[in-house]
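Notes follow once the structure below has been shown.
The values are calculated or read from the model by the stated rules, or taken from the named source; none is laboratory data. Just so it is clear, the structure is predicted and the values come from calculations on it, not from any experiment. Glycine also receives a Cβ, built like all others from the backbone with ideal geometry; neighbour counts cover every protein chain displayed. Only protein heavy atoms, including side chains, enter the accessible area calculation; ligands, DNA and RNA are left aside. Shrake-Rupley method; radii C 1.70, N 1.55, O 1.52, S 1.80 Å.
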Amino acid sequence: MMKNQFCSKSLFLVFLLVVTQWLTIEAKTCNPSGKIKGKTPPPGQCNPENDSDCCKQGKSYTTYKCSPRVSGHTKAVLTLNSFEKGGDGGAPSECDNKFHSDSTPVVALSTGWFNNMQRCLQNITIYGNGRSVNAMVVDECDSTAGCDSDHDFQPPCPNNIVDASKAVWKALRVPEGDWGELDIYWSKSCNPSGKIRGKKPPPGQCNPENHSECCKKGKFYTTYKCSPPVSSHTKAVLTINSFKKGGDGGGPSACDNKFHSDNIPVVALSTGWFNSRQRCLQNITIHGNGRSVKAMVVDECDSRRGCDADHDFQPPCPNNIVDASKAVWKALGVPKHDWGELDILWSKA
């Protein structure tokens, strides 16, 4: 009995240690990496355009080698910068060694988010003031160093900054008198990966069930390798598909190589959300028409390819589609004559 108690206590202590360590890791944020002491800028140094801060003699400034974790909607502070020659951004942008007009939506990201140039020339989507805008990453807002000639004698950048051109502020329709700092969210943008030219389906190909679109000869169709970021409530368009044998879904489902009855709530997701089968056979919750329903992911709605025999001569799928069986539409209480397309939200179940 005593031995069992000892074992139980030991196991509990080990469990407590593991949980404590896990919580420590989970709670770990981006901590400062050090401090630097400010120097008074030499005459003519530190461009004060856009109310840029200039280093002060003897003042300590915090440095960071990291930024907060990137998510589907990453919190940040939007600041104002000129990437033009002679602007307060200083030297040419790090990503392309060029200057950029104030009329072009471009940004610099704090060091951690800049990620050793890994985000160079990629677009991000910025959400603020009830609007959104796409902007290209062209530079680093250095969180590791500052107060020297290389940084125009400006302090190190905080670790949560999206430093944006005037074009970004204008696109968000922030009154010019309020330009300076704004709480925003940002996410990776999903841009088209290319186009394919449609071919006319051979006789008997392209099942028109559920008003499925068939490719048209010579028409160009946009392709995507990605989908919008996934959040707790991801916006999408619900479409209708038959996953049964002979239905407009074509071959067996990609996840299990099976067909599925129209009476079972199953879905196909656009390529980015399908995530190389990572969501296979997982349930998602679909919210629409004032109701919700759980459905299993069984297939990909291919956003990269189409207009061939493998895709029943249907166009590539848009990048924001949840293609659902009739059972899903019924569960949401959508009248049958309205089946086809519906704006929805979805989340992991």
Report task. Please give the solvent-accessible surface of Cys54 in Å², to the nearest 10, using a probe radius of 1.4 Å with every protein chain present. Result -> 40
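Stretch Asp308-Phe259 to full length: gain in nm at 0.36 nm per residue minus the Cα-Cα span?
Contour length minus Cα-Cα distance gives 15.6 nm.
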Query - Vicinal HN-Hα couplings computed from phi for the range 308-322 (Karplus, 6.51 cos²θ - 1.76 cosθ + 1.60; Hz; Gly/Pro x) - result: 9, 4, 5, 10, 6, 6, 9, x, x, 6, x, 8, 10, 10, 10
**Report entry** Protein-only accessible surface order, largest first, of His337, His100 at 1.4 Å
**Finding:** His337, His100
Query raised in the report: Under 14 Å from the Cα of Lys244, which aspartates and glutamates turn up, not counting those fewer than eight places away in the same chain?
Result: Glu209, Asp256, Asp262, Asp299, Asp323
Query raised in the report: Taking the alpha-carbon set of the chain, what are its Rg and Dmax in Å?
Result: 26.2, 81
Query raised in the report: Counting alpha carbon pairs within less than 8 Å and at least 6 residues apart, what relative contact order, in whole percent, applies to the chain?
Result: 15
Query raised in the report: Of Lys195/Lys326; Lys235/Lys294; Lys199/Lys235; Lys65/Lys225; Lys195/Lys225; Lys59/Lys166, which pairs sit farther than 19 Å apart, going by alpha carbon to alpha carbon?
Result: Lys195/Lys326; Lys199/Lys235; Lys65/Lys225; Lys59/Lys166
Query raised in the report: Over the chain, what percent of the accessible surface lies on carbon and sulfur atoms, probe 1.4 Å?
Result: 51
Report task. Leaving ligands, DNA and RNA out of it, work out the accessible area of Lys258 with a 1.4 Å probe and give it in Å² to the nearest 10. Result -> 120
Query raised in the report: With every protein chain left in place, what is the accessible area of Met296 in Å² (1.4 Å probe, nearest 10)?
Result: 70
Query raised in the report: List the chymotrypsin sites (Phe, Trp or Tyr not before Pro) in the range 249-342 that DSSP assigns to loop (not H, G, I, E or B) and whose Cβ has at most 11 other Cβ atoms within 10 Å. Which are they?
Result: none
Report task. With a probe of 1.4 Å, find how much accessible area the chain has per residue, and write the answer as a whole number in Å². Result -> 56
Report summary line: Using alpha carbon centers only, the range 195-231 is separated from the range 300-344 by a whole-angstrom value of 11
Query - Angle in degrees between helix 2-27 and the longest Cα principal axis of the chain, rounded to the nearest 10 - result: 70
Requested in this report: Would you calculate the separation in nanometres between label points at Gln122 and Ser231, each defined as 7 Å from the Cα along the Cα-to-beta-carbon direction?
Outcome: 1.9
Query raised in the report: Among Ile284, Asn320, Leu80, which residue has its Cα positioned farthest towards the positive end of the charge dipole of the chain, with +1 placed on the Cβ of Lys and Arg, -1 on the Cβ of Asp and Glu, and the dipole taken about the Cα centre?
Result: Ile284
